[in-house]
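Report on one structure; see the data block that follows.
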Amino acid sequence: DAKTTQPPSMDCAEGRAANLPCNHSTISGNEYVYWYRQIHSQGPQYIIHGLKNNETNEMASLIITEDRKSSTLILPHATLRDTAVYYCIVRVKGTYKYIFGTGTRLKVLA
Amino acid sequence: EAGVAQSPRYKIIEKRQSVAFWCNPISGHATLYWYQQILGQGPKLLIQFQNNGVVDDSQLPKDRFSAERLKGVDSTLKIQPAKLEDSAVYLCASSPLGTQYFGPGTRLLVL
């Protein structure tokens with residue numbers, strides 16, 4: 001079973017920040033949180049990952065709560081091309097196995 | 001750097017036929033994954049290789065699915081015989097350690 005919980009869908013206005021939440025209350029101390037997105041008819045694309053500190057790259061920012069039980073992926077200025085399904089996943093402890101849930105379907109509106 | 005390559009991109013077969021998918025991972029990536037993604041669902045792990053050894057195949061329907069990774073590089077996934085419920089996108093991913101990089105997938109339709 002997926003170890004993360006995400007809302008099934010969200011809308012965001014073009015040019016605004018998109019904030020995608022994820023709950024991972026059973027995460028262990030040394031497990032990373034990974035975010036991927038999947039645009040229609042393509043394979044999932046890596047976005048960002050983090051352990052306990054906030055992370056930022058050219059695509060997004062990742063905010064992880066102090067207790068590590070939840071995180072938020074932030075797309076600072078959403079564009080129409082950011083319309084996709086976003087997956088938050090945690091590695092199964094002691095392995096390099098990842099269990100995908102159903103993700104959040106983000107729709108960016110013009 | 002070249003990405004993960006998969007072929008074919010699309011395949012249509014009739015039930016009870018056989019089909020094979022091919023994956024070429026990113027050079028140097030020791031770990032290779034095959035996922036099945038049914039429409040509307042997230043990817044489901046079928047099998048994980050570390051070099052040419054199987055690490056996890058607990059979700060692989062072994063009565064009809066098989067996979068191999070010869071010489072720790074390319075991999076093939078085979079279905080024999082196919083069933084209607086095997087219609088899905090089959091994704092291959094590779095990883096040096098941790099972050100996975102996915103190929104474009106093979107879309108299979110079983111009629």
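The values are calculated or read from the model by the stated rules, or taken from the named source; none is laboratory data. None of these values were measured; they are calculated from a predicted model. Backbone-built Cβ (ideal geometry, glycine too); neighbour counts: all protein chains shown. Ligands, DNA and RNA are excluded from the accessible area calculation, which covers all protein heavy atoms including side chains. Shrake-Rupley method; radii C 1.70, N 1.55, O 1.52, S 1.80 Å.
What to note about this one:
- Restricting the search to strands (runs of 3 or more DSSP E) fully inside the stretch B:1-86 and requiring at least 3 residues that are away from chain A (no Cβ under 14 Å) and either farther than 18 Å from A:TYR36 by Cβ or among the acidic types (Asp, Glu) (or both) gives B:10-13, B:19-24, B:65-68, B:75-79.
- Residue match in the stretch B:30-44 (condition: without any contact (Cβ under 8 Å) to a residue 60 or more places away in the chain, surrounded by fewer than 14 Cβ atoms within 10 Å (Cβ to Cβ) and over 19 Å from B:GLY105 (Cβ atoms)): no
- Selection within the stretch A:86-110 - within 16 Å of A:PRO44 (Cβ to Cβ) and more than 8 Å from chain B (Cβ to nearest Cβ): A:TYR86, A:CYS88, A:ILE89, A:VAL90, A:THR104, A:ARG105, A:LEU106
- Within the stretch A:49-80, considering residues that are among the β-branched types (Val, Ile, Thr) and either surrounded by 21 or more Cβ atoms within 10 Å (Cβ to Cβ) or at pLDDT below 95 (or both), the one farthest from B:TYR10 (Cα to Cα): A:THR65
- Residue satisfying all of: in the stretch B:90-111; surrounded by fewer than 19 Cβ atoms within 10 Å (Cβ to Cβ) and assigned to a strand (DSSP E or B); nearest to the other protein chains (Cβ to nearest Cβ) among these: B:ARG107
- In the stretch A:21-48, the residues that are buried (at least 19 other Cβ atoms within 10 Å of the Cβ) and of a type outside the set (A, V, I, L, M): A:CYS22, A:HIS24, A:TYR34, A:TRP35, A:TYR36, A:ARG37, A:GLN38, A:GLY43, A:PRO44
- Residue in the stretch B:72-89 that is under 17 Å from A:PRO44 (Cβ atoms) and open to solvent by less than 90 Å² (accessible area, probe 1.4 Å) present: yes
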